[in-house]
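Written below as structure tokens is the structure these notes are about.
The values are calculated or read from the model by the stated rules, or taken from the named source; none is laboratory data. Computed from a prediction, not measured in an experiment: that's the story for all the values here. Please note: Cβ atoms are built from the backbone with ideal geometry, for glycine as well, and neighbour counts cover all protein chains shown. Remember, those area values only see protein heavy atoms, side chains included, never the ligands or the DNA or RNA. Shrake-Rupley method; radii C 1.70, N 1.55, O 1.52, S 1.80 Å.
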Amino acid sequence: MNANMLSDSSSSPPASSSRFSSWFKSFWSSALRSKPLTCSVPLERVGGLVRRLGLLDLIFIGLGCTIGAGIFVISGTAAREAGPGVAVSFLLAGFSCLLNALCYAELSSCLPAVVGGAYMYSYAAFNELTAFLIFAQFIFDSHISSATIARSLASYLVMLLNIFPFFKENWPGWMDPGGVELFGGILSVNLLAPILVLVMTLILCQGLRELTVLNSFMTVTKVLIVLLVISFGAFKVDISNWSPFAPNGYKAIITGSTVVAYAYNGYDAITSSAEESKRPQRDLPLGMLVCVLSCVVLYIGVCLVITGMVSYKSLGVDAPLAEAFAAKGLKFFSVVISTGAVAGLTTSLLGQIYATSRVYVGLGRDGLLPSFFAKVHPTRHIPNHSQVWVGTIAGIMSGFFDVHRLSHILSVGGLASSSIVSACVVTLRLKHKDTRLAYMMGITTYQKGVICLLGVASCGFLAGLSCQSNVSSISILAVVVMAVLFAIVLHYNEEFTEPSGFSCPGVPFVPLVCIFFNLFLFAQLHWEAWVRFVVVNIVSIGIYAVYGQHHANVAASDLQSIPYHKLPSGESQ
């Protein structure tokens, strides 16, 4: 009898192994859930966000988020390496951004107009875990970016106020732009930055109307100042400063495009306004495309002017525009530029807090985060809880840490999000997704499409690594050819539907070019950026495994449950 018992116990799997297998099956089943898209969204539900934003408001939100540190700070840093060719760096990054915007535009016009942006798109096209990982990468970037912008805004504000004798040289140490370093530089205390974050958060909590008025005024101010910089600076250009145009070769220009790609982050904030837009299917795509094209023109114009005014070697990294004009004897213009920088960074900070809080709302509704984040003020129709949370995190980081040191890893989340959004366009357009392909070992049409997307992404990353490692051009060409073959297989062996709204041209080729180029730029980043990407994903999977999969509100994934505030009379058309 004992022998039989021993035999039975040895043949049965250990209880711990069985529990792990059951947990893993539950985890995998939850991770693969997706959001249905076949429902219609009601316009009237109590407690929802209110539709008040028109096309011009959306454009101003996009420009407000995008034009900031990129044009007033990053341009000088990138020019030190790329020389006058930094204009080409901005052009390459802008081209990639424009293609990405086309993909964002299609999804924003075809999917239900709810908050979430890339998170919601990936939830619909792929699965719950992918959506949560995209959220984590976006949030990591947003919080650090908000803190960085707050620090830069504090520095420019001090610089601007120093023109008045009362303020000059009378700033206390804790408000100095450099901050007060403690514990060997681990902490860098600057209390002006969190005060500015607090002010921006309070403005946002007043309501959407207050945000649009301030954002519109500040955005118009900074765009006019940028145009003044280009107009006045053009008369001081010495074309000899443009020679050599690429002093460190074309690779420095390509690497520079990965640095300045961060300067275009912000146009996707328009997608966060989907639930507050009067005509989202029309205005969201148009707003994003106008925003991106405007920024490309302004960035290239500024880069050509400042590198033509002075040698790229003489450009400062903290205030390149002001220093270029000072070198030409136009010191008074530095006041104008500082004013533009304050306006630009103010709208960037407002936009970051605004866009980030709306993404939190989406996850709070879906249960992947506590419902606290989804609460909307009953009369102001603003997610105050999420806005206060975002402002608190940004304020703490900007007040006690020199987050500028982390700015070189901020492009990771944007490149990852844009790549996923481009892939969403392809997968959501696929016909016959559940059809099994006998000649492909029984895999489905959807699975074959994902394999092709992964193939193109891998080729883009390998091409970037090859370019970074000085591999022969033949090897790079071979990788490009392989990517083209994946694209051809996807194009000629799949059927694609036509979207009901804005249509991204050249599907699947344009989204595939986006994926290839985004991963190419990703490979150019510093190794610390790769480490950051992996670590954030690992931590996010842990959070999802412990909290998200157990609290996800599957019923809320049905978009019929999302609340909306009724449109004012006459604005629904």
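Quick notes on this one:
- Filter result for the condition that a residue is within 22 Å of Leu298 (Cβ to Cβ) and surrounded by fewer than 24 Cβ atoms within 10 Å (Cβ to Cβ), over Leu330, Leu349, Leu345: Leu330
- Among the conditions (1) under 29 Å from Ser398 (Cα atoms); (2) at pLDDT below 80; (3) open to solvent by 10 Å² or more (accessible area, probe 1.4 Å), Gly316 misses just one, which is (3).
- Meets criteria (at pLDDT below 85 and either basic (Lys, Arg) or open to solvent by 50 Å² or more (accessible area, probe 1.4 Å) (or both)) for Ala478: no
- Put simply, of Gly329, Gly301 the only residue that is out of contact with any Leu (no Cβ under 7 Å at 6 or more places or on another chain) and at pLDDT 85 or above is Gly301.
Table: residues versus (1) at pLDDT 90 or above; (2) open to solvent by 20 Å² or more (accessible area, probe 1.4 Å).
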residue: Ser386; (1), (2): yes, no
residue: Gly399; (1), (2): no, no
residue: Ser407; (1), (2): no, yes
residue: Ser419; (1), (2): yes, no
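- Residue, modelled with the highest pLDDT, within the range 159-210, restricted to residues that are surrounded by 12 or more Cβ atoms within 10 Å (Cβ to Cβ), over 26 Å from the mean Cα position of the chain (by Cα) and of a type in the set (Val, Ile, Thr): Val189
Yes/no per residue for (1) closer than 23 Å to Thr212 by Cα; (2) among the aromatic types (Phe, Trp, Tyr); (3) touching a strand residue (DSSP E or B) at 6+ places or on another chain (Cβ under 6 Å):
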{"position": "Gly266", "(1), (2), (3)": "yes, no, no"}
{"position": "Leu293", "(1), (2), (3)": "yes, no, no"}
{"position": "Gly329", "(1), (2), (3)": "no, no, no"}
{"position": "Phe333", "(1), (2), (3)": "no, yes, no"}
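- Ser273 open to solvent by 30 Å² or more (accessible area, probe 1.4 Å), touching a helix residue (DSSP H, G or I) at 6+ places or on another chain (Cβ under 8 Å) and in contact (Cβ under 8 Å) with a residue 24 or more places away in the chain: no
- A single member of Phe95, Phe126 is within 30 Å of Asp366 (Cα to Cα), open to solvent by 10 Å² or more (accessible area, probe 1.4 Å) and among the aromatic types (Phe, Trp, Tyr), and it is Phe126.
- Candidates Val421, Val361 - the one that is assigned to a helix (DSSP H, G or I) and under 16 Å from the mean Cα position of the chain (by Cα): Val421
- Residue in the range 110-123 that is open to solvent by 10 Å² or more (accessible area, probe 1.4 Å) and either under 29 Å from Ser398 (Cα atoms) or polar (S, T, N, Q) (or both) present: yes
- Residues within the range 115-127 that are assigned to a helix (DSSP H, G or I) and farther than 16 Å from Ala416 by Cα, tallied: 1
- Annotation: of all residues in the range 429-456 being modelled with pLDDT of 85 or more and small (Gly, Ala, Ser), the one that is surrounded by the fewest Cβ atoms within 10 Å (Cβ to Cβ) is Gly455.
- Close Cβ contacts (under 6 Å, 6 or more residues apart or on different chains) running from residues in the range 44-55 that are modelled with pLDDT under 70 to residues that are open to solvent by 10 Å² or more (accessible area, probe 1.4 Å) comprise Glu44/Lys566; Arg45/Pro563; Gly47/Val376; Gly47/Pro563.
- Among the residues of the range 503-527, those identified as at pLDDT below 85 and open to solvent by 60 Å² or more (accessible area, probe 1.4 Å) are His526, Trp527.
Residue-by-condition table, conditions (1) in contact with a strand residue (DSSP E or B) (Cβ under 9 Å, 6 or more places away or on another chain); (2) among the acidic types (Asp, Glu); (3) over 18 Å from Ile61 (Cβ atoms):
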{"residue": "Val229", "(1), (2), (3)": "no, no, yes"}
{"residue": "Val237", "(1), (2), (3)": "no, no, yes"}
{"residue": "Ala252", "(1), (2), (3)": "no, no, yes"}
{"residue": "Glu275", "(1), (2), (3)": "yes, yes, no"}
{"residue": "Lys278", "(1), (2), (3)": "yes, no, no"}
{"residue": "Asp283", "(1), (2), (3)": "yes, yes, no"}
{"residue": "Cys303", "(1), (2), (3)": "no, no, yes"}
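- Highlighted here are the helices (runs of 4 or more DSSP H) found entirely within the range 452-560 that include at least 1 residues which are within 22 Å of the chain's Cα centre (by Cα) and under 22 Å from Thr258 (Cα atoms): 509-524, 527-543.
- Considering Val260, Val296, the condition of being open to solvent by less than 40 Å² (accessible area, probe 1.4 Å), modelled with pLDDT of 90 or more, within 24 Å of Leu349 (Cα to Cα) and not charged (D, E, K, R) is satisfied by Val296 alone.
- Scan of the range 278-288 for residues that are assigned to a helix (DSSP H, G or I) and either free of Cβ contacts under 8 Å to residues at least 12 places away in the same chain or surrounded by fewer than 19 Cβ atoms within 10 Å (Cβ to Cβ) (or both), ordered by number: Gln281, Arg282, Leu286
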